Amino acid sequence: MPELLPFAGIRYDLDAIGAPIGALIAPPYDVIDEDQRVALESAHPLNSVRLILPRDVDADGDRYVSAARTLASWRSSGALVADATTRFYGYVMDFRDASGTRRQTVGVLGALTLPGAGDESVLPHERTLPKAKSDRLALLRATRYNLDPIWGLSLTAGLTGLIDRSTPLATAVDPEGAGHTIFAIDDPSRIKAISDAVAASPIVLADGHHRFETAGAYRREIRDAGGEPGRASAIFALVVELAEDQLCIEPIHRLFHLPAGLDVRSALGSGFHITALGANTPDGVASLEKRMAAERGIGLADAAGLALCVPRSPRPEGDPVASTDASLVEDTALPLLGGADVSYRHDARTCAARVRSGDAGAALLLRPVSVSNTRAAAEARLRMPQKTTFFSPKPRTGFVLRSIDD
């Protein structure tokens with residue numbers, strides 16, 4: 001069963017820096033576009049985006065070495081300091097979902113021991129992209145830090161009630177209006193109760209599949225070289241009880257750069273019934289999303305405007321993977337758009353605007369996957385296509401870092 005251990009976190013000394021934590025934290029690396037990256041870098045010279053998305057600023061041009069040097073500099077200057085004792089860290093996110101309902105996600109930050117071969121204590125639910133894994137592995141090798149937590153969902157009922165929220169350490173509100181607060185959990189009996197609860201059931205990976213696989217690869221590298229992995233045998237993780245009321249899953253849409261001369265609607269016509277829905281406007285996108293939900297289709301934004309695409313062949317309802325829109329796109333749409341380059345965004349209006357401006361040739365808009373469907377896929381040991389689920393809001397990088405050396 002999963003093993004979650006306390007650790008001595010590395011945190012910003014806010015008094016020494018003279019800045020609020022909100023100027024120093026960042027979203028996860030894989031949701032930051034270039035405009036956000038520049039804004040975060042401008043927010044403060046010590047913003048953690050410089051660690052998770054370093055630039056080639058040194059003469060050798062190695063951005064991963066640059067991140068390691070930046071970390072060492074911030075540690076030596078006292079901007080980052082290690083907590084005196086090992087502990088868990090409570091993490092609470094307060095937010096409103098798409099319907100405006102107030103929601104709260106309550107989790108615990110700790111060091112999750114990486115499972116061995118055949119150990120199914122941690123259950124992934126998505127496939128991964130090789131390029132993303134090689135990038136994160138190079139960063140881990142250079143820094144020897146877990147810079148941001150992966151996100152796991154515990155199947156143990158009652159975990160939420162064990163997470164002590166009486167000792168806040170830092171709090172911030174992100175640009176989307178979600179509140180983020182971390183808490184110190186120091187009481188030994190409380191730490192044991194949390195560890196025991198996490199150990200009672202498998203953990204389903206919500207976010208961080210690439211970092212999880214990267215950490216396992218790095219542990220193997222150390223062992224293959226004859227070394228002992230030590231703290232590299234665990235990964236920094238946020239563990240949240242898998243409860244419907246705590247979790248909000250949004251879809252991840254597909255943006256396409258198309259081969260010259262490709263007519264998207266003609267290409268997709270053999271696999272989908274396509275209904276034109278007029279101009280590509282924000283109100284039009286909102287109407288399209290309602291039609292998608294009602295008629296079980298995916299949305300299309302292209303040079304001709306917006307359209308609803310309903311598959312000609314019904315999808316299998318009982319299969320937690322084949323029933324997803326991501327599988328529909330992978331199995332049916334992508335083969336019909338041969339040669340198209342794909343990228344991913346989670347905001348439908350942004351995707352449609354990219355098409356409208358000519359930055360992308362087309363976008364396929366997907367419906368969200370339910371929490372229960374995600375759980376069913378993991379329990380069945382099945383993996384959805386990469387970039388199927390977008391858990392929201394995202395925990396922030398920079399509240400706590402974990403060194404695998406200290």
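The figures follow:
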| read-out | value |
| --- | --- |
| Unit charges at the beta carbon, dipole of the chain: most positive-side option, GLY261, PRO6, ILE17 | GLY261 |
| Pairwise label distance in nanometres, LYS192 with ASP405, each label 7 Å out on the Cα-Cβ vector | 3.5 nm |
| Long-range amide H partners of HIS346 with built H, under 5 Å | HIS253 |
| D (Stokes-Einstein, µm²/s), Kirkwood Cα radius, the range 115-274, 1.306 mPa s at 10 °C | 83 µm²/s |
| With eigenvalues of the C-alpha gyration tensor scaled by 5 and rooted, the chain, Å | 37, 24, 21 |
| Degrees separating the helix 34-43 axis from the principal Cα axis of the chain, which is the longest one | 30 degrees |
| Residue order, fewest to most beta carbons within 10 Å, for ARG381, ARG345 | ARG381, ARG345 |
| For ARG96, distant residues with modelled amide H under 5 Å away | ARG103 |
| Virtual spin-label span in nm between ALA157 and LEU336, 7 Å along Cα→Cβ | 4.4 nm |
| Integer Hz, Karplus 6.51/-1.76/1.60 couplings in order for the range 333-338, x for Gly and Pro | 6, 4, x, 7, 10, x |
| Equivalent ellipsoid semi-axes - Cα gyration tensor, the range 320-406, angstrom | 27, 21, 13 |
| Cut-off under 5 Å, modelled amide H: who pairs with ASP13 long-range | LEU80, VAL81 |
| Candidates ASP30, ASP174, ASP148, ranked by Gaussian network fluctuation over the chain, Cα under 10 Å, top entry | ASP30 |
| Least to most buried among CYS309, CYS248 (fewest other Cβ within 10 Å first) | CYS248, CYS309 |
| Per-peptide average of other Cβ atoms within 10 Å, ordering 227-238, 113-124, 323-334 highest first | 323-334, 227-238, 113-124 |
| Translational diffusion coefficient (Stokes-Einstein; Kirkwood radius from C-alpha pairs) of the range 253-365 at 25 °C, 0.890 mPa s, in µm²/s | 177 µm²/s |
| Projected label distance in nm at ALA138 and ARG165, using a 7 Å step from Cα toward the beta-carbon | 4.1 nm |
| From phi via Karplus (6.51, -1.76, 1.60), per-residue ³J(HN,Hα) for the range 4-18 in Hz, x at Gly/Pro | 10, 10, x, 8, 8, x, 9, 9, 5, 8, 5, 5, 5, 6, x |
| Exposure proxy order (Cβ contacts within 10 Å, fewest to most) of ARG296, ARG87, ARG165 | ARG165, ARG296, ARG87 |
| Within the chain, helix-based [θ] at 222 nm, where runs of 4 or more DSSP H residues each add -39,500 (n - 2.57), nearest 500 | -8500 deg cm²/dmol |
| Highest average packing first - 95-104, 369-378, Cβ atoms within 10 Å | 369-378, 95-104 |
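Every number in this text was worked out from the coordinates using simple rules, so none of it is lab data. As the structure is a prediction and not an experimental result, all values here were calculated from the model. Heads up, the Cβs are rebuilt from the backbone with ideal geometry, glycines too, and the neighbour counts pull from every protein chain shown.
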